[in-house]
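Undergrad: Submitted below is the structure of interest, expressed as structure tokens.
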Amino acid sequence: MSDHQNKVGFSLSKTMTIVVVIMVFTAVIIALVVFNAVFRDSLEQAAMTSAGQSVDQVAVTINNYTDDMIEIMDELYTNSIEDPSTLEDLFNNVIDIRNDVVMIATYDAHNNNTGIWSNYPTKDMIYTNLSLYPVSAEFNNGISISAPHVVTVLDNYYPWVVTITKSAEETFSNAAKIAMDVRFSAIARYIDEVGIGQHGYCFIMDSAGNIIYHPQQQLIYAGLKYENTDGLLALTDGSHMIDGVIYTVKTLENSNWKIIGVTYLDDTVNDRVRAMALASGLIFFIVVVMTFLSGSLFSYMFTKPATKLAHAMKDFEDNASGFVFEPIEGSVEVNNLSDSFEHLVIRIQQLMEEVKEEETTLRKTELKALQAQINPHFLYNTLDSISWMCEEGKTDDAILMVNALAKLFRISISRGKEIIPIEKEVQHAECYLQIQKFRYTNQFDYKFKVEESCKDYLCNKITLQPLIENALYHGLNMIDEGYIEIRIFEDGEDVIMEVEDNGSGMTEEQVAELFVNDGTDQHGIGVKNVNDRIKIYFGDKYGISVRSELDEGTCVTIRIPKITEERKYEK
């Protein structure tokens, strides 16, 4: 045993100085983390501001363009009202001057076309005019602007346009409505050129969530890209951060369109954050080196011996009986812990030896007590059967039963051994069934299916007989012709024994009662005791399970390990 008074070590109080030094470096690391977090947040705010400015610029441009078209429409309407005779020249002049105006059409109050002006020939037969029924929203003085669509009235020319429509308050030249188709390509090209970061973009949708234009329109049509328009409709004007993406929303003043800007943080923030992280990493590396040097010193003084002591405790926990403790030197406090643990190990090992001896004795006593419970239970039933035969005058059958009983008890005694070969256990069960066949005058039948490879493995003696007895008395009831099948086979590293009958079966509550020993015969005292003996000898992972269905039968399954020689009881 160690004498800690002769040991020289470091006081724990002296090591606190080193701890303070390490805490300073830890504070530096925390400061770096906080700084990077604040830096990232500021970059995100800057990115949101930049995205908002870009989207605002797009909105202003499109607003100006549509305002220009609306002003032209207002002038056309005003001049047409004031001097209807100039209507045709006025419309032609607008088409000649503005290349983006594809067509101007007028309609009466019943939406019948009263005139079409365009630099392109029209079709002889017009079946559908998409510009007449635009999906639009009225927003100012009877003027509405539609979603983009194709002009369908021109001959072999199908430009992509939006229709600006003015509903007249009074009819002029048999016209109640003016519709001007304006090329959407100018707006589309402008949207295509807008970039926010390396991969950001803008698109247009209306107040109903329909996408008016998207720079990646083909991918959306092909199902390769998706925009959550329903979610975007719920957003107010401004910038919103959602799952690492900045969505900037701006509603146009003169239409029901919304400009949506999409900005990816990877493009605008993460690259800068990575650069800052590299700089922070260099500072952190310096701190780590200094911390390592400080930690090494601290480990030498306290942590290393404390770790050794912890490992010793773990080794003792894993193998208490065979553990040999070697004293650990270190600080004064560690030396004291080492000596106390050594005293504790010696005392616990002494107590373990005492408990081991008591437990071995207790297990043997339990096994003998359980065996004693089963034997009288079986003997009572068997002698009752022999007595019944003698009363009926069947002395020859009674003699055969007595001989079978003698053979059965020779196997039961087995020279005092608790476990016997499965082959002997099967013979024991066969003797029992032969006796019962005499008693019940062949009212039931039975069959054994035993794999040859299982016969040499060992099992608890009198394992099958109590289960067969329960099948006869509580399962078959001898009302109809019964059948019992005993199967023994290998299952991996285990051996399975099954006793199955075609009797009346049991409910879940009745199955549970089989494993409750209340001292009466009707609750299957044999089943519980057999289960207890298996668990005492082989461990809790082995034992009996019961599967039963009412009016179909019961199957009792026994699981035991494959062993070929007797061993000491498991602890």
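Undergrad: Could you give the size of the charge dipole of the range 375-561 about its Cα centre, using +1 on the Cβ of each K and R and -1 on the Cβ of each D and E, expressed in debye and rounded to the nearest 20?
TA: Magnitude of the dipole: close to 920 debye.
Undergrad: Going by how many other Cβ atoms sit within 10 Å of their own, how do SER280, SER255 line up, fewest first?
TA: By the 10 Å Cβ count, ascending: SER280, SER255.
Undergrad: Going through the cross-link list LYS394/LYS447; LYS314/LYS455; LYS304/LYS356; LYS449/LYS528; LYS394/LYS528, which pairs have a Cα-Cα distance over 31 Å in this structure?
TA: Distance filter (> 31 Å) returns LYS314/LYS455; LYS304/LYS356; LYS394/LYS528.
Undergrad: If you average the sequence gap of Cα pairs under 8 Å that are 6 or more apart and divide by the length of the range 375-561, what percent do you get for the contact order? Before the final figure, lay out the partial values.
TA: Values: 300 pairs, mean separation 32.7, N = 187.
Over the range 375-561, the number comes to 17 percent.
Undergrad: Among TYR65, PHE91, GLN53, whose Cα lies farthest out toward the positive end of the dipole of the range 33-92, if unit charges sit on the beta carbon of Lys, Arg (+1) and Asp, Glu (-1)?
TA: Sorting the options by dipole projection puts first GLN53.
Undergrad: Listing ILE164, ILE220, ILE242 from the residue with the fewest other Cβ atoms within 10 Å to the one with the most, what is the order?
TA: Fewest-to-most Cβ neighbours within 10 Å comes out as ILE242, ILE220, ILE164.
Undergrad: Give me TYR542, TYR457 ranked fewest to most by other Cβ atoms within 10 Å of their Cβ, as a rough exposure proxy.
TA: TYR542, TYR457
A short reminder: the numbers here are calculations on the coordinates, not readings from a lab. Keep in mind that this is a model prediction, so the values were computed, not measured. Counting neighbours? That spans all protein chains shown, and the Cβs are built from the backbone with ideal geometry, glycine included.
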